[in-house]
1. For the chain, find the longest principal axis of its Cα atoms and tell me its angle to the long axis of helix 26-37, 0 to 90°, nearest 10.
2. When the helix-only estimate is applied to the chain (DSSP H runs of n ≥ 4, each -39,500 (n - 2.57), divided by the residue count), what is the mean residue ellipticity at 222 nm, nearest 500 deg cm²/dmol?
3. Can you give me the relative contact order of region 19-96 as a percent, contacts being Cα pairs under 8 Å and 6 or more apart?
4. Roughly how tilted is helix 87-100, in degrees to the nearest 10 and between 0 and 90, from the longest Cα axis of the chain?
5. Let me check against my output: what whole-number percent is the relative contact order of region 56-140, with C-alpha pairs under 8 Å and at least 6 apart?
6. Which of the trypsin sites (Lys or Arg not before Pro) found in region 91-145 are loop residues per DSSP with 15 or fewer other Cβ atoms within 10 Å of their Cβ?
7. Residue farthest toward the positive end of the dipole of region 232-329, with Cβ of Lys/Arg at +1 and Asp/Glu at -1: which of Gly327, Phe276, Gly253?
8. Which cross-chain or sequence-distant (5 or more) residues have an amide H under 5 Å from the amide H of Gln285, H modelled 1.01 Å from N in plane?
Amino acid sequence: MNTTQPLYPLTLRLAGREALVVGGGPVAARRASGLIVADAVVTVVAPEVCSELADLIRSGAVTWLERGYRPGDLDGKWLVHTATGDPRVDEAVLADADAARVWCVDASDHEASTAWVPAVTRRHGVTISVAAGGDPRRATAVRDAVAAALDDGTVEPFAQLPPASARPRRVDFPAGSVALVGGGPGDPDLITVRGRDLLAQADVVVADRLGPRTLLAGLSDRITVIDAGKLPGHHPVPQDEINAILVRYAQAGKRVLRLKGGDPYVLGRGGEELAFCRDAGVPVQVVPGVTSAISAPAVAGIPVTHRGVAAGFTVVTGHDQLAELPGGRDHTVVLLMGVSGLARSAATLAAGTRGDDCPVAIVEDAYGTGERVTVGTLADIGSLAEATGVRSPAVVIVGDVVALGHHAHPQPASASTRPELTLTKGL
């Protein structure tokens, strides 16, 4: 590319839009991974695919057309990446894309490409995107240097960041091992420093749907992202297949990071993954995360315990065990993955000492763009959730502590720490 040619920096919103990847090698796998993170509808065209792409195909994250490229493959597409390794095929894809007015990233010819993938990283709520005239190595080097400056305190986007001397040192992540990392409730700034450090060192990242997915877009192109939670209907990849993926890549000498939402050990099946890896002789380290069981209520101003109101809390998935829970409305109940059976769960809890007038709050998509809080009682929360279209991911909080939340004490917009919070009330 002529580096003097003027460029127009742009960020694309590809969620729900169709994108095409032509090629079946590691570069194509990285491009497909990046598109998956952006929630694009991804189709891969290639006669054969590498193991990384095969895992993405098995997970249902991409659709595979098992053949060579055809001009009609661009129909309905918003963006195409071509990385076949054959300059003639890539040139044909680029020419067809240009004629169809579809932006094309050509891995074999940066100068002819009509679009480029920058090197991206995110730190402390800041997104850094670096383009270096089509030179990916140079862009990555600059990106990593800026990220390191933010991490070690040379550049501080916020005055309250601790000095570099107070921050943890880079942690060890040996080849051929697995790290189970709790990514927190979804906000990329709520992953631990250790978790972020390991993420930057990983060779393979196996990601959940409910983890901090925006972190994945900032990963180096050398890192393969395998989506373990993007099947139709959002059903996860079977646990035994996830276990096998972790072990297979680790035994191939890769640094494998399992990025999970919340904390790996809070209803996250992290213990099963740990045991499977150990049984296979694969070294494992575990990095705890901020669990949504506590952080989702907190974003609505609801403490799970409060002096004089609730001295304890129980976290459950919300099914048959509800009838056996201790205490009354002074013992907070936090239901994870409880939206589908909410009406039945509410009836079970109301039949006990809590009563049908016990306060309930539902926090949807905590720390995300769709963040919303719905409040009611055990008597009406099921019908209210149905009427307002409550959807997972959501955390349900039951108990008197609900009355302490922001909905009970509205704040001026200037005083609110989360002004985008949407509240729906039921009486």
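1. It is inclined by approximately 30 degrees.
2. Helix contribution divided over all residues of the chain: -7500 deg cm²/dmol.
3. 38 percent
4. Approximately 70 degrees, to the nearest ten.
5. That works out to 18 percent.
6. Counting only loop positions with at most 15 other Cβ atoms within 10 Å, the trypsin sites (Lys or Arg not before Pro) in region 91-145 are Arg101.
7. Toward the positive end, the furthest listed residue is Gly253.
8. Val178, Ala179, Leu180
The values are calculated or read from the model by the stated rules, or taken from the named source; none is laboratory data. This one's a predicted model, so the numbers in the text were calculated from it and none came from an experiment. Here the Cβ is made from the backbone with ideal geometry for all residues, glycine too, and neighbour counts use every protein chain on show. Just the protein is used for accessible areas: all its heavy atoms, side chains included, with ligands, DNA and RNA removed. Shrake-Rupley method; radii C 1.70, N 1.55, O 1.52, S 1.80 Å.
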